[in-house]
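To start, the structure itself, in structure tokens.
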Amino acid sequence: MAFIETRSRHINTMQAVLKEYEESSTGARHIHLATDDPEMVFLVAFPTVPDKSDGRAHILEHLALCGSARYPVRDPFFSMLRRSTSTFMNAMTYPDRTVYPFASTDPKDFFNLLGIYLDAAFFPRLDYLDFRQEGWRHTLEDGKLGYGGVVFNEMKGAFADPTRALAHAINEHLLKGTTYEFESGGDPLVIPSLTYDDLKAFHASHYHPSQAVFMTAGRVDPLTVQRVISEQVLDKLSGTAPRKMPELASAWTQPQETSIAVPSPTAEGDEHGIQLAWLMGEMADTMSYCRGHLLESGLIGDASAPVLHAMESAGYGRPSVMNGLDSGCRQMLFHIGMEGLTREQISMAKQRIWDALEKTAGRGVPQAVLQAALRDLRFSQREVRGGDTPYGLRKLLHALPLEMAGEDCMVALDSEATLRQLDEQIRDPEFFKSLVRELLESPTRLTVSVIPDAKYFDERQQAEEAALAKKQASLPQEEIARIKEECEALLARQRQPLNNEVLPRIRPEDVSPMPRALYALPAPQGPVLALPIASNGISYANVSYAVSSFPEEDWPWLDLYAELVPDLGVGKRTYEDAGGWRQQMVTEFDVKLEAEERIQSSGAAPGLNIRIAYSAKNVREEQAAIADVLSESIRAARFDEQERIAFLIDSIFENIVQELAEEGDQYASLAAEAPFSIRRRFEDSVEGLGALRFYRVLSKQIESEEGLQAICERLEALHQRIQSSAVQVVVAGMESDVQALAGMMDVPGTTPALNSEDSSAKSVQNPSHPANVALLAPGQVNHCYATWQVPQIGHPDAPVLSVLANLLTNGVLHQALREEGGAYGGRAKYVAQSGLFTMLSYRDPRLAGTYEDFMRAIAWAVESPLSREHIEEAIIGTIGELDKPYSPYQEAMIAWRMQQRGITQAMREQFRAGVLQCTDQELRDVAKKYLQNVKSSKAAFAGNGTQNLAGLERVDLLALAA
């Protein structure tokens, strides 16, 4: 069996070559994106089209990674996280496909992972007890029947998102009769209907080479990959089958209306909404996709867009967070709606949206708006982006839906031919008008009245308990005995020592003793630092003002400033005009409030660098616009548009309240860590409980003319102080462009201190008392945090603490919190920048038991013998995090930020050496010194306030928001 190359094409925008292969006996496809990127990427994907909301595709994704024929160990996926230097390992379930991707910069590691991923996908054990652990199971606690399971609890947390609930309910209507009608992740009320036999049958029908798409990217040899695929998969599995495809929804003969209830913490009278949703063309049709993007940009792309302006200027409500093009299904959806309405305002809002659409169908939009939208599409294809998801993987995931739909995946990577067509079409003033008329005349349109439901979680919990009570009432004794035996068998299996000898691994001696090279920063030219990078024709600029000397009471005001400026007027331009101007000038403009701890000498309190950072980016051909937008936006930002400011503050506050349950993890994290870190205390004031209190006060203040005037005056005064602060300008781009861009930058501010450091950074003492709080809001799961104060990077114990976090995660917490406890996630982490050591759980059904497991993990590290293999695995896990590559722009900015924080090359070398040389005695010593019998700072988000709160003090988030 051999793959045959069917096509090879050069992608100019990426400086890459796309090669396509097919294996004739099964029809398996291999797509290879050949680039110079050292990060080698692989994925295998299958169409998964469930016809129920029982989570079969999602649970199968979990089970496939729980052991396979060649690797019959309990948890090879999580084991390889610490036996590999991978830069990415994951698996994802989408509404119509499941993807198993990984990335690595080491060839040996890449092929180690390739063998494991192939065996996991095609030959998983699908062990019955793994099904009960990862999917769902019955539990018996004090004689009462309950549910457990990782996916079961994960999806309980997912259902806290009101936007997700609304989107899924809309799909049930517009995409009825297709797989998208069902919840691919699984509805916790339906998941317990899934049987083990159903799961195995789903794997047999969907996970076959005839359905598979293999994809690779980077410097890996595609022929070598194909040889491994053939030997390990295709030589064992044969035959072909028609490619599974998601069904297409039927068009309607006339529009429909419905009401949908979504979770709301308070269900106040002004939490209703109206949502219009249209069925659009297929996502794999590049012309349809680009036209949808033009519609989004033209109608709601910025404050000057006609429909967005109509919604924002209504005097009631605000635009829905769902608005725009949704390309996540085979057929795209288009959403326009408003939220924050009273029941009586729903019909008014609907008419306002409709009137704006009709006016736009008659008047159109300026051609410059559409040109900017096409420029943004070109920009997205050209920009090299990194981050948590490797650049090559981003590109493959974007191309994958087209390949799976049988279309040419090349157009997802280079759609220039389509964009040239659109360049011609948008010259016709009737073109955009016709797109809007198609919306107006489409019969496949759903109008939704959105109803807030404060009893949403209670009713779901009652339905779950009713199903359990009914089940328990009919359970014969032998079935009760079977459940007990099954739970005992699962627990015994979970507590068996792992034997990973069959798994390959990278050892400490296999990795470089030196840290990866940082970008070499050139000397600044006054306040301007020019960074030549391989940007693929993209130019960047960042203008940072040092505001560390501003008093602590200004912190939330600085955050408000950063939130508001991109949505306010500039000079003589109103906010509508400014929004359109910026959109047409640059692809992205942003203002952010940034804070980071500066490494101090031994014994000194940490200093905090705080910056207000204006940034913009654009294609190199239009880089002069970057300088113009930044200069004018900084010099002429206006704070006299009082109605606009009141609208934006109200929108921010309402979004905070509505997202309390969804953001519970963030609130708990900040509350636990703030007492021990000045940076986290700062972030708590602008993103956590401090922000909730601050915006609650502002929401009351904007109700009076005097209060609103005072807010505007304070923002204007803050703006003047910011402009008078030390400024650092960082520009980046291709070597031929960057000096020219540097010369264009003209912004107010004083010259920065020597070495570009923030001389105003000051030491601020943290509160002496740790937190001990349970944050309550409606929900169905918990997030638990316990934090200890430990040394920062630069201290000899810092690298040992980093290894200890990996060791505790894999030695105790993963098993205790996820496998046994049923939480979606649980781990330990060490934040070297802040000197924090934290244990946490995520989407956790327990609370008190989780904190007990945290303490048990510490005792284990101090008292139990630590095997050298486990220590080496923790070392490799730490090294993998250190060696992750980033995009050229990110690499340059990371080097600059390290310089700002005072992290030297000597510190990096010392830290890496400490990691690689870490011993069992050092691990025991730091666990005992910093964690055992040392009081931690505890904070939990408690989605169910009736449970045992483990002695934590109750804090009602709704009361804080009232």
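Computed from the coordinates by the stated procedures, all read-outs in this text should not be read as laboratory data. For clarity, every value in this text was computed on a predicted model and none was experimentally measured. For neighbour counting, all protein chains shown are included, and Cβ atoms are generated from backbone atoms with ideal geometry for every residue, glycine included.
In the neighborhood of PRO107, defined by Cβ-to-Cβ distances under 13 Å, what is the net charge if each Lys or Arg adds +1 and each Asp or Glu adds -1? Mind showing how you got there, number by number?
Numbers: positive: LYS108, ARG219; negative: GLU39, ASP106, ASP109, ASP221, ASP510.
Net local charge, PRO107 excluded: -3.
Run the dipole for the chain about the Cα centre, Lys and Arg Cβ at +1, Asp and Glu Cβ at -1, nothing else charged, and hand back the magnitude in debye, nearest 20. Could the numbers behind the result be given before it?
Values: 93 positive and 132 negative charges, 294 e Å.
Using Cβ point charges on Lys, Arg, Asp and Glu, the chain gives about 1420 debye.
Apply the Karplus parameterisation 6.51 cos²θ - 1.76 cosθ + 1.60, with θ equal to phi minus 60°, to every residue of the stretch 897-902 and state each ³J(HN,Hα) to the nearest whole Hz, in sequence, with x for glycine and proline.
Couplings: 5, 4, 4, 4, 7, x Hz.
When ARG846, ARG219, ARG680 are ordered from fewest to most other Cβ atoms inside 10 Å of their Cβ, what list results? Can you show the working numbers first?
Numbers: ARG846 23, ARG219 15, ARG680 27.
Sorted ascending by nearby Cβ count, the order is ARG219, ARG846, ARG680.
Taking the stretch 634-709, which GluC sites (Glu not before Pro) meet the DSSP loop condition and have no more than 12 other C-beta atoms within 10 Å?
Numbers: sites: GLU641, GLU643, GLU654, GLU659, GLU662, GLU663, GLU673, GLU683, GLU687, GLU703, GLU705, GLU706; in loops: GLU641, GLU659, GLU662, GLU663, GLU703.
Here the GluC sites (Glu not before Pro) that fit, given the DSSP loop and packing criteria, are GLU703.
Students often get this wrong, so check it: of LYS108/LYS395; LYS176/LYS395; LYS433/LYS572; LYS19/LYS395, which have C-alpha atoms separated by over 21 Å?
Working: LYS108/LYS395 24 Å; LYS176/LYS395 30 Å; LYS433/LYS572 30 Å; LYS19/LYS395 14 Å.
Table pairs above 21 Å Cα-Cα are LYS108/LYS395; LYS176/LYS395; LYS433/LYS572.
Going by C-beta contacts inside 10 Å, put ARG679, ARG382, ARG507 in order with the fewest on the left. Present the calculation step by step, with values, prior to reporting the outcome.
Numbers: ARG679 22, ARG382 17, ARG507 12.
Least crowded to most crowded, the residues run ARG507, ARG382, ARG679.
I need the phi-derived Karplus couplings for the stretch 544-556: 6.51 cos²θ - 1.76 cosθ + 1.60, θ = phi - 60°, integer Hz, Gly and Pro marked x.
After applying 6.51 cos²θ - 1.76 cosθ + 1.60, I find 10, 9, 7, 10, 5, 7, 5, x, 4, 5, 7, 3, x Hz.
Calculate log10 I(q)/I(0) of the stretch 268-453 for q = 0.14 Å⁻¹, where I(q) comes from the Debye formula with a single equal point scatterer on each Cα and nothing for solvent.
Debye intensities relative to I(0), on a log10 scale: -0.83.
Using θ = phi - 60° and the Karplus curve 6.51 cos²θ - 1.76 cosθ + 1.60, what whole-Hz ³J(HN,Hα) does each residue of the stretch 448-460 get, with Gly and Pro shown as x?
Those phi angles translate into 10, 8, 8, 10, x, 10, 6, 9, 3, 6, 4, 5, 5 Hz.
Name the long-range amide H neighbours of THR105: under 5 Å, sequence gap of 5 or more, or other chain; modelled H, no Pro or chain starts.
Amide H to amide H, under 5 Å and 5 or more residues apart or across chains, THR105 pairs with MET40, THR87.
Fewest to most neighbouring Cβ within 10 Å: what's the order for HIS32, HIS769?
Details: HIS32 26, HIS769 9.
Arranged by neighbour count, lowest to highest, HIS32, HIS769 become HIS769, HIS32.
How would you classify the stretch 661-739 from its alpha-carbon gyration tensor, with a ≥ b ≥ c the square roots of the eigenvalues: rounded for a/c under 1.5, else prolate if a/b is greater than b/c, otherwise oblate?
Working: a/c = 2.42, a/b = 1.24, b/c = 1.95.
In terms of gyration-tensor shape, oblate.
Over all directions, what mean area does the Cα convex hull of the chain project, stated in square nanometres?
Values: hull surface 148.4 nm².
Over all viewing directions, the chain projects a mean Cα-hull area of 37.1 nm².
Give me the base-10 log of I(q)/I(0) for the stretch 769-961 at each q in 0.14, 0.17, 0.18 Å⁻¹, Debye formula, one uniform scatterer per Cα, rounded to two decimals.
-0.84, -1.10, -1.18
Kindly provide the trypsin sites (Lys or Arg not before Pro) of the stretch 25-127 that DSSP labels as loop, not H, G, I, E or B, and whose Cβ sees at most 15 other Cβ atoms within 10 Å.
Details: sites: ARG29, LYS52, ARG56, ARG70, ARG74, ARG82, ARG83, ARG97, LYS108, ARG125; in loops: LYS52, ARG70, ARG74, ARG82, ARG83, ARG125.
Passing sites in the stretch 25-127 are ARG70.
What number do you get for the stretch 55-161 when its Cα radius of gyration is normalised by 2.2 N^0.38 Å, N = residues? Write down the numbers at each step before the final one.
Details: Rg = 15.4 Å, N = 107, 2.2 N^0.38 = 13.0 Å.
Relative to the rule-of-thumb radius for its length, the stretch 55-161 sits at 1.19.
Sort the stretch 529-751 into rounded, prolate or oblate with this rule: let a ≥ b ≥ c be the square roots of the eigenvalues of the Cα gyration tensor; rounded if a/c is under 1.5, and if a/c is not under 1.5, prolate when a/b is larger than b/c, oblate otherwise.
Values: a/c = 1.80, a/b = 1.24, b/c = 1.46.
It is oblate, given that a/c is not under 1.5 and a/b is not larger than b/c.
Please list the non-local residues whose amide H lies under 5 Å from the amide H of ILE11, H modeled 1.01 Å from N, same-chain partners needing a gap of 5 or more.
Close amide H contacts, sequence-distant or interchain: ALA16, VAL17, LEU18.
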